[in-house]
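Reviewing the structure listed below.
The values are calculated or read from the model by the stated rules, or taken from the named source; none is laboratory data. Since this is a predicted model, take the numbers as computed values, not measurements. We place every Cβ from the backbone using ideal geometry, glycine too, and count neighbours over all the protein chains shown.
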Amino acid sequence: MMEYVTETDEGAEPAAGAFPRRLADTLPQLSAAHQRLYASLWEQAHVPLAALELCRLRIAQLHRSKGELAREEVALAPALRGQLARWATSDEFDECMRACLAFTEVYAMDASAISDAQAQAVQAQVGDAGLVLLIEALGLFDGITRLNLLWQTPPEWQASEEQTNGH
C-alpha cells in the first residue's frame, strides 16, 4: 500500500486529498500549495459554505465515493444530507443550492455541456466571483474524489481529514 503525507502532521493517517508520500517527497511545493488551495475554498465569502459542501457531497455521490461522503467539511442539517440525491424536488434546498447543484451535476458528467442558462443561474445567486470559485472548487472536488477512488484510499483515511485539517 502507498504511504501518504499531509501538510499538518506527517505521522497522521492519510487524509482525503493527501498526496502519496513519494509524490510529496518529489513535489513538496505542490503538496503544500494543494493543501492551501483546498483550505482557501472553506475560507471564502463568495459561495455559501453549505452550498459548496453540498456540491462536494454530490460529486461524491455521483462517483459513489464512500470516503468522500463520510467526510464533513461544513456541518449541514441532517435533512440536507439525507435529501441530497433528491435536491431538485426536495423543499430542503434554497435557490442558491439548487443552482449550484444543477451546475455541479452537469460538471461531473461533462463540463463542456454546461449551458449558459446554468452558468447564469449560478451567477444570479453568487455573482461572477462566486461562479469562478464554484468552477475551481468543482475541479478540486472532482479531482480529489477520482484520485481517492483510483488510489483506493480507504474511507476511514478519507474521513480523517476533518481532524487533520481542522475543518
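Answer yes or no: is there a residue in the stretch 104-121 that is under 18 Å from the mean Cα position of the chain (by Cα), within 11 Å of L57 (Cβ to Cβ) and outside any loop (DSSP other than H, G, I, E, B).
First, the residues of the stretch 104-121 that are under 18 Å from the mean Cα position of the chain (by Cα): 104-111.
This time we only want the ones that are within 11 Å of L57 (Cβ to Cβ), so: 104.
If we keep only those that are outside any loop (DSSP other than H, G, I, E, B) as well, we get 104.
For the stretch 104-121, residues under 18 Å from the mean Cα position of the chain (by Cα), within 11 Å of L57 (Cβ to Cβ) and outside any loop (DSSP other than H, G, I, E, B): present.
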When the stretch 80-103 is examined, which residues are found to be hydroxyl-bearing (S, T, Y) and either exposed (fewer than 15 other Cβ atoms within 10 Å of the Cβ) or within 15 Å of I59 (Cα to Cα) (or both)?
T89
Is it the case that some residue within the stretch 25-34 is surrounded by 13 or more Cβ atoms within 10 Å (Cβ to Cβ), in contact with a Leu (Cβ under 8 Å, 6 or more places away or on another chain) and at pLDDT 55 or above?
yes
One residue is enough: does the stretch 52-68 have a residue meeting the conditions modelled with pLDDT under 60 and more than 14 Å from F141 (Cβ to Cβ)?
no
From the option list L69, L80, single residue qualifying as outside any loop (DSSP other than H, G, I, E, B) and touching a Pro at 6+ places or on another chain (Cβ under 9 Å) is L69
Need the failing condition index for P78 against (1) over 12 Å from the mean Cα position of the chain (by Cα); (2) under 25 Å from M109 (Cα atoms), just the number.
(2)
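Here is a check on your reading of the model: is L69 of a type in the set (A, V, I, L, M) and under 22 Å from G130 (Cβ atoms)? First the steps, then the outcome.
Details: of a type in the set (A, V, I, L, M): yes; under 22 Å from G130 (Cβ atoms): no.
No; evaluated as a whole, the condition is false for this residue.
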